[in-house]
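One structure is given below, encoded as structure tokens.
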Amino acid sequence: MNLILLSPADLEGDSLARVRDPRRLAHLHRVHRARPGDRLTLGVEGGGIGRGELLSLDEHEACFAIDALDQLPPPALPVHLVLALPRPRMLARSLEHVTALGVKHITLLHSRRVEKSYWQSPELATEKIQAHLVLGLEQARDTTLPAVTLAKGFRPFVEDRLPELLAERRGLLAHPGMPRACPRGLSDPTLLLVGPEGGFIPWEVEQLLAAGCEGIHLGPRILRVETAVTALLARLF
Ligand code: SAM
């Protein structure tokens, strides 16, 4: 937690914040070993970043006097990430990693090799997803939550949503064996598609290429989803 991310409910006016939830309190106690008088980095969800003085800390509450939260969060990556839904534990880690890297638009997509049971996972509950996004923001000192949408049908996504997404973005399909190496140093709006643990099936690859996506590869090593997505984002942007 490199930033204490405050929700609007934590704020009392502009200059005081009270943190009461067990996770952030435990982190302040055990990791920061915080003491009254310490100055820590604070940010408010959807808002600015600054510093605050810890006025008091016990097992129930931390109280901060906030300086002006007048610094902007770091810039977002110009990418909409479409991720075939991975297994729940990998989903949790992937959401944290990509949020820390600055992704602000995430679509979780069904495809043939996504286990149908993954869509029933408690990890897909709004509050669970939000918890992973918050961990990513706290890690990276960011305050802007990504928007996460679910696309539970591959064909409806390709037919109904993909055309409008590609109208304003360059579409890149990460798939082993594609002829083109992953480009570097992009700054234009991009749609990046990453497949499930078993990969996209050939029919899905054909559909995505026919819709206007370019196939790209990361070399001969087949990477796990969470590694691939991190390597792709680092190399692309
Ligand atoms: N056996 C699967 C295949 O060959 O497609 C492996 C899938 S991989 C575990 C999961 C996803 O990570 C892939 O669908 C792809 O989007 C991405 N990925 C992993 N390694 C890659 C590579 N070397 N080049 C491009 N994409 C890769």
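The values are calculated or read from the model by the stated rules, or taken from the named source; none is laboratory data. If you're wondering where the values come from, they're calculated on a predicted model, not measured in any experiment. Glycine gets a Cβ as well: all are built from the backbone with ideal geometry, and neighbour counts include every protein chain shown.
Does L145 meet the test of being in contact with a Gly (Cβ under 9 Å, 6 or more places away or on another chain), within 11 Å of the ligand (Cβ to nearest atom) and of a type outside the set (K, R)?
no
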Which number in (1) surrounded by fewer than 18 Cβ atoms within 10 Å (Cβ to Cβ); (2) away from the ligand (no atom under 14 Å from the Cβ) marks the one condition that A231 misses? (2)
Check on S56, touching a strand residue (DSSP E or B) at 6+ places or on another chain (Cβ under 8 Å), at pLDDT 95 or above, farther than 30 Å from G199 by Cα and of a type in the set (S, T, N, Q): yes
For the structure I just gave you, tell me whether R184 is more than 16 Å from the chain's Cα centre (by Cα) and more than 8 Å from the ligand (Cβ to nearest atom). yes
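I'd like the full set of residues that are in a loop (DSSP other than H, G, I, E, B) and either in the same structural domain as K104 (by TED's automatic domain parsing) or in contact (Cβ under 8 Å) with a residue 60 or more places away in the chain (or both), limited to segment 39-66.
Matches in segment 39-66: E45, G46, G47, G48.
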Looking at G212, is it more than 12 Å from the ligand (Cβ to nearest atom), in a loop (DSSP other than H, G, I, E, B) and on the phi > 0 side of the Ramachandran plot? yes
Conditions (1) surrounded by 19 or more Cβ atoms within 10 Å (Cβ to Cβ); (2) in the same structural domain as V19 (by TED's automatic domain parsing); (3) of a type outside the set (K, R); (4) in a loop (DSSP other than H, G, I, E, B); number of the one not met by D142: (2)
